[in-house]
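Here is the structure we will look at.
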Amino acid sequence: QFPLGRRLPCDIYWHGVSFHDNDIFSGQVNKFPGMTEMVRKITLSRAVRTMQDLFPLEYNFYPRSWILPEEFPLFVDEVRMLRDSDPSWKPTFIVKPDGGCQGDGIYLVKDPSDIRLTGSVPSRPAVVQEYICKPLLVDKLKFDIRLYVLLKSLEPLEIYIAKDGLSRFCTEPYQEPTLKNLHQVFMHLTNYSLNIHSGNFIHSDDANTGSKRTFSSILCRLSSRGADVKKLWSDIISLVIKTIIALTPELKVYYQSDIPAGKPGPTCFQILGFDILLMKNLKPMLLEVNANPSMRIEHEQELSPGVFGNVPSPVDEEVKVAVIRDTLRLVDPQKKKRKDVHSERQDVDSRRSKANIGCNCFWCCRCQAPEQGPEEPLPAGPAALPSLCLKQVFPKYAKQFNYLRLVDRVAALFIRFLGVKGTTKLGPTGFRTFIRNCKLSNSNFSMASVDILYIDITRRWNSMGIDHKESGMCLQAFVEAFFCLAQKKYKSLPLHEQVASLIDFCEYHLAALDEKRLVCGRG
């Protein structure tokens, strides 16, 4: 550990909180610039909402959300309209402070008028979401899933998902929300840091029991009841890939700001914690994404009256040790030098597969595996490690999801016209240059109209409290302006086709401009 930094370079830097924990210029670091900001509740909600505008059916795994306090009037109006159109709709809403963690400040309400808009709330923005009232229950208890996802690379995009995760249980039997039970946090909130203080919390060394279990134990249980576990995993993989596709455009803006192209700098990877709730029909819903998921493998327990101490947690250890071990194996800078050892390992794995040891499935119910004979000894050294618990899902399934990456292409246009390296906001000159180079101004859309569009959208986004360190148009504002231009130019198409058409139009004119400059340069 080097709390004051280190002068000599390293292969891998493991930062505790963020990319900026230390100044580094080479090697690999386990944090992406901007990730902490991107997975905050408001920023995540905005990123997913942009994708919901483009692809509403593909992004229906995230609850309907509003941002407080700025969208409170909109929230009240939309709830009133929905109630008028469907009198039987009796929703519950959950309010989550933007910067909160470990369940801090979360509460449930039945009516918009019950939301606390006084005191410190204006200085502490929040997201209000429709509460999922019909979750899947196990032993009459509500639970959520913590899955570990490795974002190994942004460009090209490379995503891995751990084959096992944690299931965190509430500690009071679940009942649908009523005015009487809204405040019973041990019934409604699955946060481990809250439920550990309940008298009903059960510490268990068994992965199949207790208030924290392995996700694979839940899958085994569902499988034994005839549930389609393969489809559930497929839906979870889809949710993870789509969520990261929503986050990557702005992450790329942060990345080019901290690590400009052509300059020496580290490469990045990061372990993310995805919190997922299963509905009664086994549909996975995204609750939130954690940039710094806890990797503790112990818990605090009362050893004797009034005496507390840390004791090992076998469930945490089983899942988390594998995640960190295999992350290091995947980013290991020396692994290319060990191809011969790897091929030897593959030979052993091949012989094992003939003996029915292991499985090529994404998930294998170990409790249903046949009894095995003694394992064949493995070669000494690195090859003796277990098979990877992290499975690649992208680019493996890229063909199924690449059509969703429209905002990525919009972000590439934004980055091209930023001008000064290291900035994250587009100035008025850069916006005008974008319009000119892409041939978007005409008699119906003059440069004066371009300036008005820039000023109006930039001013509104800046009034929302979006990063005031720099002046100019942030990526979200540019995306809004781009959508506005697409709707003006291609009026009869659905929004995602309008945006795709305008991207193609811009990329065509920019490619022609680049070719012209190349020819002039040769001349």
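For (1) touching a strand residue (DSSP E or B) at 6+ places or on another chain (Cβ under 7 Å); (2) polar (S, T, N, Q); (3) assigned to a loop (DSSP other than H, G, I, E, B), each residue gets a yes or a no:
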| position | (1), (2), (3) |
| --- | --- |
| G5 | no, no, yes |
| V17 | no, no, yes |
| I24 | yes, no, yes |
| K31 | yes, no, yes |
| R46 | no, no, no |
| T50 | no, yes, no |
| Y59 | no, no, yes |
**Item:** K231 being surrounded by fewer than 17 Cβ atoms within 10 Å (Cβ to Cβ), more than 22 Å from P386 (Cβ to Cβ) and modelled with pLDDT of 95 or more
**Value:** yes
**Fill in**
How many residues of region 401-414 are touching a residue at least 24 places away in the same chain (Cβ under 8 Å) and either in contact with a strand residue (DSSP E or B) (Cβ under 9 Å, 6 or more places away or on another chain) or over 25 Å from V450 (Cα atoms) (or both)? The answer is 4
**Message:** Criterion first (hydrophobic (A, V, I, L, M, F, W, C) and surrounded by 15 or more Cβ atoms within 10 Å (Cβ to Cβ)) does L518 satisfy it?
**Reply:** no
**Asked** Is it true that some residue in region 67-90 is under 22 Å from F478 (Cβ atoms), at pLDDT below 95 and within 20 Å of the chain's Cα centre (by Cα)?
**Response** yes
**Prompt:** Do we have T424 as polar (S, T, N, Q) and assigned to a loop (DSSP other than H, G, I, E, B) here?
**Reply:** yes
**Message:** For region 254-283: of the residues being among the aliphatic types (A, V, I, L, M) and buried (at least 16 other Cβ atoms within 10 Å of the Cβ), which is modelled with the lowest pLDDT?
**Reply:** I259
**Request:** Say whether the condition of being part of a loop (DSSP other than H, G, I, E, B), loosely packed, with under 14 Cβ neighbours inside 10 Å and either hydroxyl-bearing (S, T, Y) or modelled with pLDDT of 95 or more (or both) is met by at least one residue in region 458-468.
**Result:** no
**Asked** Among all residue pairs at least 6 apart or on different chains, which show Cβ distances below 7 Å where the first residue, located in region 43-55, is assigned by the TED database to the domain that holds F483 and the second is open to solvent by less than 10 Å² (accessible area, probe 1.4 Å) and assigned to a helix (DSSP H, G or I)?
**Response** none
**Message:** Quick test for you: out of P177, P173, P156, pick the one residue that is in a loop (DSSP other than H, G, I, E, B) and either under 30 Å from R405 (Cβ atoms) or within 21 Å of the chain's Cα centre (by Cα) (or both).
**Reply:** P156
**Asked** Inside region 284-330, can you point out the residues that are farther than 14 Å from K212 by Cα, open to solvent by 10 Å² or more (accessible area, probe 1.4 Å) and in a helix (DSSP H, G or I)?
**Response** V321, A322, I324, R325, L328, R329, L330
**Request:** Check whether at least one residue in region 200-207 is farther than 24 Å from E298 by Cα and surrounded by fewer than 20 Cβ atoms within 10 Å (Cβ to Cβ), and report yes or no.
**Result:** no
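The values are calculated or read from the model by the stated rules, or taken from the named source; none is laboratory data. Keep in mind that what you see is a predicted model, and the values were worked out from it rather than measured. When we count neighbours, we look across all protein chains shown, and the Cβ atoms used for this are built from the backbone with ideal geometry, even at glycine. Ligands, DNA and RNA are excluded from the accessible area calculation, which covers all protein heavy atoms including side chains. Shrake-Rupley method; radii C 1.70, N 1.55, O 1.52, S 1.80 Å.
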